[in-house]
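Written below as structure tokens is the structure these notes are about.
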Amino acid sequence: MIQFGCNRLLVAILFIALFACNSDNSKYNAFTPGELWLDDTNEHINAHGGGFLYHNDTYYWFGEHKGSGKDGSRAFVGVRVYSSKDLYNWKNEGVALQVVKDTLSKLQEGCTIERPKVIYNETTNKFVMWFHHELKGEKYKAALTGVAVSDHITGPYQYIDSFRIHAGVLPLNMSQEEFDSIPEINENQKLTKQIRIDQAKSGELFKRDFYGGQMSRDMTVYVDDDGTAYHITASEENQTMLISKLSDDYLSLSGEYIRILPGERNEAPAILKKNEKYYMFTSDLTGWDPNPARLSVADAIMGEWALLGNPCVGTEEQVNTTFWSQSTYIIPVQGKKDAFIFTADRWKPENHIDGRYIWLPVKFKNNIPYLEWADRWDLSVFD
């Protein structure tokens, strides 16, 4: 009996040791773009169109909780959040912003929530979430931006409101005289890609929405070194970008904004700052399908922006599809100078929950950022 008991104990010890060994080996120590990425519960990370925040020595990943099938892009859960100490291994922290069953609420189940981004206000000690919001049953007609707030980084976030932006307010880079000279838009003409471009360049789309508020679709938020926060969004039927200064508490728009790159058809903005220059990665407009990335630069975030071209290098297919992905956010790697990770989504419109993540190190040549494919890489590339 004693021998039998000892054998059982030995087997138990060996099992525990083997389990511990396997658990340790299962931890990620590198990035493998496009591959299945499991969280601490062995579920594929469900945080699409993500935004990232580093707070108290921890990274937080906020993203769209997608469902299965073609309808999986609608919000029946909300915004999910994960945490990580090393950027490789992520813990599911639950739902940060929950949609509601109240059919009178803009945030009701079945609406669309995209590209959630969270920033921390050091003065108010509040965490503020901004996101692109479309109303249930209206597809992409509403073109709203939404805002929510929490005392805790993982939530729950209290929904404040969603709205069109800058109703009745001129941008800093447009005078009243220039606005008055813009012709009224012809809504009866047959629309083509070129006509939309021309309507943006002439200002007709901007004037059409001036009093009701400008559209806000794909967006991001960026906090500069001085603590000033900015909301960057695709507007005017996605033909033009707007950059808006947020209020001091980050909960609203200050009213100061600019129009940039009118008629250039940019969406999916992601920003980094290096050597006092601002770089913005964007994409063209092809729905869920990938297309060539764009890179723009400015000396001041509320200044003049210029297109630099495609930041991707590689095969023709990689360059023309941004490695089969679309930009979402640039993560500054803590503790490493000028170290940035380009994060993007590889959308799966036939089964949204299976969307994959493309993370690549941002490289620089003559101080200009560029992207190059890597099947597997780790943070040592920044050493």
Tabulated pairs, region 300-311, first at positive phi, second modelled with pLDDT of 95 or more, C-beta under 8 angstrom, 6+ apart or interchain: 309/294; 309/295
Test: residue in region 344-355 that is within 19 Å of the chain's Cα centre (by Cα), within 30 Å of residue 193 (Cβ to Cβ) and small (Gly, Ala, Ser): yes
Selection count where residues are assigned to a strand (DSSP E or B) and either more than 16 Å from the chain's Cα centre (by Cα) or touching a residue at least 40 places away in the same chain (Cβ under 8 Å) (or both), scope region 78-121: 25
Selection status of residue 182, without any contact (Cβ under 8 Å) to a residue 60 or more places away in the chain, touching a Ser or Thr at 6+ places or on another chain (Cβ under 9 Å) and farther than 25 Å from residue 133 by Cβ: yes
Close pairs (9 angstrom Cβ cut-off, 6 or more residues apart or separate chains): over 28 Å from residue 204 (Cβ atoms) and free of Cβ contacts under 8 Å to residues at least 12 places away in the same chain in region 232-256, in a strand (DSSP E or B) and not basic (Lys, Arg) anywhere: 247/229; 247/253; 247/254; 247/255
One residue from 169, 128 being part of a strand (DSSP E or B) and closer than 17 Å to residue 253 by Cβ: 128
Near pairs, Cβ below 6 angstrom, 6+ apart or cross-chain, from region 335-359 (under 17 Å from residue 116 (Cα atoms)) to any residue that is among the aliphatic types (A, V, I, L, M) and assigned to a loop (DSSP other than H, G, I, E, B): 342/362
Criterion: touching a strand residue (DSSP E or B) at 6+ places or on another chain (Cβ under 7 Å) and in a loop (DSSP other than H, G, I, E, B) - qualifying residue of 344, 300, 374: 374
Single residue of region 197-253 satisfying the filter (outside any loop (DSSP other than H, G, I, E, B), polar (S, T, N, Q) and in contact with a strand residue (DSSP E or B) (Cβ under 8 Å, 6 or more places away or on another chain)) that is nearest to residue 264 (Cα to Cα): 240
In region 189-241, residue nearest to residue 51 (Cα to Cα) [restricted to those that are surrounded by 20 or more Cβ atoms within 10 Å (Cβ to Cβ), within 20 Å of the chain's Cα centre (by Cα) and small (Gly, Ala, Ser)]: 229
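The values are calculated or read from the model by the stated rules, or taken from the named source; none is laboratory data. Here the structure is a predicted model, which is why all the values come from computation and not from measurement. Backbone-built Cβ (ideal geometry, glycine too); neighbour counts: all protein chains shown.
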